[in-house]
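The next block holds one structure in the form of structure tokens; read it before the comments.
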Amino acid sequence: MAFEQLAYIIGGAFAGSTQVQVQAVQANGTVVRVYEAIFGEYGGFNELGNATLTANEATVTLNRPLVENEAIFACVITFGEKVGGASQVGPAADLPTGWKLPDTVQVGEDTMTAAEYTEETGIELPALYDPASINHTPVFPNSGIEKLTEIGFDLTEKINATGSSVLTVDNVKNCSLGYNIKFDTDAASNIHSKTYFAGGVKTIRVTDTNNALRFCEKTYTVTVPTPPAPTSEISNESYTFSWAGALLGIEVFADSAFALEMKIDGVTVGPYVDMSFKGANRWQRGYGVPQGPGTYTVTVRRKATPGDFKTFQAVLS
């Protein structure tokens with residue numbers, strides 16, 4: 001976490017204020033939100049207002065005046081993200097910087113208010129620094145604010161040589177009440193992994209089940225290797241010329257422990273024709289080619305396992 005990117009309340013945290021100033025080193029147009037923190041058995045967090053940053057600062061107009069001693073905090077984009085700390089709302093008379101004017105001033109034996117002194121003399125009294133009235137304070141110790149740290153998680157990838165990859169979400173942080181995981185456009189669930197059969201950039205989001213506005217989203221480039229070409233039981237496929245009278249033909253050969261069939265694209269009648277067993281795993285079939293010389297695609301396959309096949313080109317000249 002980069003501390004310079006956190007959201008801080010830097011002004012306006014005093015009773016009766018309807019605006020606060022927020023600072024965060026983020027891009028122009030980034031939304032910052034201000035929340036009140038309610039402690040105790042029925043505690044919670046309510047959004048008071050939001051605004052967009054310009055030059056790393058924003059003035060947030062609140063939906064109600066602030067009340068003395070309540071706790072408020074700012075976050076970036078969504079609830080609980082990049083909270084820089086909580087501020088305690090000071091009295092209405094306090095300036096948010098901790099500088100304030102004295103209530104009274106002693107002039108000789110006379111005591112008068114600061115306003116009376118300025119009215120009579122035309123001199124404005126200097127402001128005095130009162131550390132007790134500064135409103136940009138650190139996080140309250142042992143408060144609910146400490147739960148607002150960013151959600152985090154790790155991603156691990158297991159690449160399978162068979163042409164798939166498993167992406168797994170591990171070590172989810174700062175979601176003590178539970179979370180859901182969403183892979184890409186899938187529905188959110190408590191499933192921690194997904195198997196991909198195509199590589200590319202994937203999007204994974206972990207969301208706090210207690211608050212849908214709290215989530216962490218990451219992108220990850222998945223690698224899916226090309227699966228190895230399937231091995232075939234067929235071997236030694238070949239061809240030669242043959243003649244049936246004046247008709248030129250192709251004689252096809254292949255080895256297999258299982259029955260084979262073959263086809264010649266554009267030549268054989270029907271999808272495949274049976275080959276004849278010649279012994280020692282050798283299979284053969286001749287077929288006339290009335291079309292004459294040319295290049296023909298020949299496919300040999302196992303009859304009982306059509307997915308096991310070999311294809312080659314036969315050239316007649």
Anisotropy class of the range 235-316 from Cα gyration tensor, a/c 1.5 cut: prolate
Proxy reagent accessibility, fewest Cβ within 10 Å first, across 282, 214: 282, 214
Intensity falloff of the range 152-222 expressed as log10 I(q)/I(0), Debye formula with alpha-carbon point scatterers, at q = 0.18, 0.21 Å⁻¹: -0.65, -0.85
Placed amide H near residue 12: partners under 5 Å, 5+ positions off or other chain: 21
Overall form of the chain per C-alpha gyration tensor (a/c, 1.5; a/b vs b/c): prolate
Long-range amide H partners of residue 248 with built H, under 5 Å: 289
Computed helical MRE - 222 nm, the chain, DSSP H runs ≥ 4 contributing -39500 (n - 2.57), nearest 500: -500 deg cm²/dmol
Under 5 Å, built H, 5+ apart or other chain: amide partners of residue 199: 224
From phi via Karplus (6.51, -1.76, 1.60), per-residue ³J(HN,Hα) for the range 193-203 in Hz, x at Gly/Pro: 9, 9, 9, 10, 10, 9, x, x, 7, 10, 10
Chymotrypsin sites (Phe, Trp or Tyr not before Pro), loop per DSSP, at most 12 other Cβ atoms within 10 Å - longest free stretch of the chain: 43-196
³J(HN,Hα), Karplus 6.51/-1.76/1.60, whole Hz, each residue of the range 181-190, x for Gly, Pro: 10, 10, 9, 6, 9, 5, 5, 5, 7, 9
Distance between the range 18-68 and the range 197-262 - C-alpha centres, whole angstrom: 55
Stokes-Einstein translational diffusion, the range 173-312 - Kirkwood Rh over all Cα pairs, 0.890 mPa s, 25 °C, in µm²/s: 124
Karplus-derived 3J(HN,Hα), 6.51/-1.76/1.60, for each residue of the range 154-171, Hz, glycine and proline x: 10, 10, 10, 10, 10, 8, 9, 5, 7, x, 8, 8, 10, 9, 10, 8, 10, 6
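Readers should treat all values here as calculations from the given coordinates under stated rules, not as data from a laboratory. Not measured: the values here are computed from a predicted model. Cβ sites come from the backbone with ideal geometry, for glycine too, and all protein chains shown count toward neighbours.
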